[in-house]
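The values are calculated or read from the model by the stated rules, or taken from the named source; none is laboratory data. It should be emphasised that the depicted structure is a prediction, and the values quoted were computed from it without experimental measurement. Ideal geometry is used to build each Cβ from the backbone, glycine not excepted, and the neighbour counts take in all protein chains shown.
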Amino acid sequence: MSTIYDLSDKVAIVTGARRGMGEADALALAKAGAKVVVADISIEDCEKVVEEIKKQKGEAIAVKCDVTKKADVEKMVQAAVEKWGKLDILVNNAGVAEFKPFLELTEEEWDKTIDVNLKGYFLCSQAAAKEMIKQKSGVIVNIASIAMGQVGVGFPSFIHYCASKGGIAAMTEAMALDLAPYNIRVNAIAPGVIDTPMVDSMKNDKATMDRLMARIPMKRMGKVEEIANPVVFLASDASSYMTGSIIVIDGGWLSG
Ligand SMILES: NC(=O)c1ccc[n+]([C@@H]2O[C@H](COP(=O)([O-])OP(=O)(O)OC[C@H]3O[C@@H](n4cnc5c(N)ncnc54)[C@H](O)[C@@H]3O)[C@@H](O)[C@H]2O)c1
């Protein structure tokens, strides 16, 4: 049965899709009917996700792509077009997160985080938009974070990460304006704490977990599917009048 969330005949790219939220996004988009490019820095891990999608009767290909490298990004978009003739959906998800006190943060650490989390989103969005413009339709979903600033919550020792996510929030609104004339919608999701390999080190630290749970009204971390389903919503016609919006999904953190 076809629903408004149906993505049959749509072609999607998910970056950082070898594991964590990106993997869940790729699986959910495929389940909704999309053909998916599973992109990340490790092709072997991407192949495993592709196998999983194929087991569920979906279509997918694995592409090795470092989102900080323009040539890699262009090849990734080209891979989608060569395989399926077009590109409809881009999920910018690839990211890195390392805690480091402000006064100890090195220039290299700053550059790495900004390169992956911010420049990577720019490069992928621009390459994807140039393809989407040809068909005058498309959707870009940016994964930001409640660490994006302007929401009443600060994160110590996370300056570089917060700056990158704040940049994504601002970029989402600005890109939505530049791309609206081409019928390309650009929205973001700002997750709270989601149970992925990115937060593994926190999970083993009881004091940190106790502090976190004290902030989260729902008293648990989010599951990857709880981000992936809203990604499908933003990728589908169910959100056809939404652009430049940022959806917070945080178990109530910002309301607490
Ligand atoms: N887990 C959380 O609590 C949380 C909260 C808010 C936002 N986020 C954001 O969600 C996104 C997904 O994170 P996750 O929690 O699934 O973490 P994760 O570490 O499991 O996944 C991140 C993925 O990005 C990939 N990646 C890193 N550098 C890359 C590069 N240069 N090119 C291509 N891929 C690269 C990694 O290989 C990895 O597969 C990130 O943007 C992260 O900042 C995570």
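Tabulated data
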{"quantity": "Output for the range 69-100, where each listed residue is within 15 Å of the chain's Cα centre (by Cα) and surrounded by fewer than 19 Cβ atoms within 10 Å (Cβ to Cβ)", "calculated": "96, 97"}
{"quantity": "Test: residue in the range 226-233 that is closer than 25 Å to residue 18 by Cα, within 19 Å of the chain's Cα centre (by Cα), part of a loop (DSSP other than H, G, I, E, B) and more than 16 Å from the ligand (Cβ to nearest atom)", "calculated": "no"}
{"quantity": "Close pairs from the range 60-81: first farther than 18 Å from residue 135 by Cα, partner away from the ligand (no atom under 14 Å from the Cβ) and not hydrophobic (A, V, I, L, M, F, W, C), Cβ under 8 Å, at least 6 apart", "calculated": "60/35; 60/54; 61/83"}
{"quantity": "Of residues in the range 236-249 being of a type in the set (A, V, I, L, M, F, W, C) and away from the ligand (no atom under 16 Å from the Cβ), the one farthest from residue 172 (Cα to Cα)", "calculated": "238"}
{"quantity": "Boolean, residue 193 is among the hydrophobic types (A, V, I, L, M, F, W, C), within 14 Å of the ligand (Cβ to nearest atom), at pLDDT below 95 and closer than 24 Å to residue 209 by Cβ", "calculated": "no"}
{"quantity": "Scope the range 169-185; condition within 16 Å of the ligand (Cβ to nearest atom) and either touching a residue at least 24 places away in the same chain (Cβ under 8 Å) or closer than 16 Å to residue 239 by Cβ (or both); matching residues", "calculated": "169, 171, 172"}
{"quantity": "Subset of the range 1-39 (residues that are within 16 Å of residue 117 (Cα to Cα) and among the aliphatic types (A, V, I, L, M))", "calculated": "14, 17, 21, 39"}
{"quantity": "Near pairs, Cβ below 6 angstrom, 6+ apart or cross-chain, from the range 194-213 (free of Cβ contacts under 8 Å to residues at least 12 places away in the same chain) to any residue that is more than 11 Å from the ligand (Cβ to nearest atom) and part of a helix (DSSP H, G or I)", "calculated": "202/208"}
{"quantity": "Those residues of the range 237-256 which are acidic (Asp, Glu) and assigned to a loop (DSSP other than H, G, I, E, B), in sequence order", "calculated": "250"}
{"quantity": "Positions within the range 58-110 being assigned to a helix (DSSP H, G or I), acidic (Asp, Glu) and within 12 Å of the ligand (Cβ to nearest atom), in sequence order", "calculated": "72"}
{"quantity": "Residue satisfying all of: in the range 1-51; in a loop (DSSP other than H, G, I, E, B) and basic (Lys, Arg); surrounded by the most Cβ atoms within 10 Å (Cβ to Cβ) among these", "calculated": "18"}
{"quantity": "Test: residue in the range 158-169 that is within 23 Å of residue 256 (Cα to Cα), surrounded by fewer than 17 Cβ atoms within 10 Å (Cβ to Cβ) and either of a type in the set (Phe, Trp, Tyr) or at pLDDT below 95 (or both)", "calculated": "no"}
{"quantity": "Whichever residue in the range 112-148 is within 16 Å of the chain's Cα centre (by Cα) and charged (D, E, K, R) and, among such residues, is nearest to the ligand (Cβ to nearest atom)", "calculated": "115"}
{"quantity": "Residue match in the range 215-224 (condition: within 14 Å of the ligand (Cβ to nearest atom), in contact with a Cys (Cβ under 6 Å, 6 or more places away or on another chain) and in a loop (DSSP other than H, G, I, E, B))", "calculated": "no"}
{"quantity": "Those residues of the range 174-214 which are among the small types (Gly, Ala, Ser), out of contact with any Gly (no Cβ under 7 Å at 6 or more places or on another chain) and outside any strand (DSSP E or B), in sequence order", "calculated": "174, 180, 201, 207, 214"}
